[in-house]
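Each value in this text was obtained by applying a stated rule to the coordinates, not by laboratory testing. Computed from a predicted structure; not experimentally measured. Cβ: placed from backbone, ideal geometry, glycine included. Neighbour counts: every protein chain shown.
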Amino acid sequence: MSDLINRIKNHLENVNNKKFINNLLIILVVSIIFLIVSKKIVGPKENVMDNSINSFSNEILRDLEEDYSEYLEKKLANTLEKIEGVGEVNVMITLENSIEKVTAANTTQISESVIENDSEGGTRESNREDLTTQVLTKGSDGSLLVVKEIKPSINGVIVIAQGADEPVIKEIIYEAVKTVLGIKGNKVQVYSGK
């Protein structure tokens, strides 16, 4: 090992310093260019795949949250169109709020009670409570761990259906909407369509 170090020292002493520094800089620049090019060629493929998966899943979740009323509208319209005597159906549902997500959390509660007696016979009681809540996350992406989702309540429903000009069909639609959505009758309006 010492022989190798001595050889390197001898070589460095014999070589012209300017030429050595120039060669070293050229090697350094070439290495940096090689690292940049290899990162561009190899690196992005993995990141693009991860980013596309994350953006796709985030887009699906956002669409599910935003389009919950649209989902209910389509499902209800498809169901009502299958009733005999009912033609094309359009449904509009208004919701009270958006989907509420309940996240998992670790909660620690500490209660402390201290009774102090002084030399004159008096007592003093002091109570202290500490509550600490830590929200839990999942995976390496740091997203919240959702325990359950609470669907929003329905404010009102309007149904426009062909065939609803007949009172019997209108009543069938009215009862079907109340039953399917589990809402009171004062939140449902049925109108005949063109």
Least to most buried among Ser69, Ser140, Ser126, by other C-beta atoms within 10 Å and fewest first, runs Ser140, Ser126, Ser69
Once the Cα gyration tensor of the range 96-171 is diagonalised, what are the square roots of 5 times its eigenvalues, in whole Å and ordered largest first, as equivalent ellipsoid semi-axes? 57, 23, 7
Please find the FRET efficiency linking Ile150 to Asn78, where r is the Cβ-Cβ separation and R0 is fixed at 35 Å, and quote it to the nearest 0.05. 0.90
Once the other residues with Cβ under 15 Å from the Cβ of Glu171 are scored (Lys, Arg +1; Asp, Glu -1), what is the net sum? -2
Given H placed 1.01 Å from N in the peptide plane, which residues other than close sequence neighbours of Gly156 have an amide H under 5 Å from its amide H? Thr94
Too long at a 25 Å Cα-Cα cut-off: which of Lys75/Lys138; Lys82/Lys187; Lys75/Lys178; Lys148/Lys170; Lys19/Lys39? Lys75/Lys138; Lys148/Lys170; Lys19/Lys39
Stick to Cα atoms and the Kirkwood definition of Rh, then tell me Rg/Rh for the range 101-144. 1.41
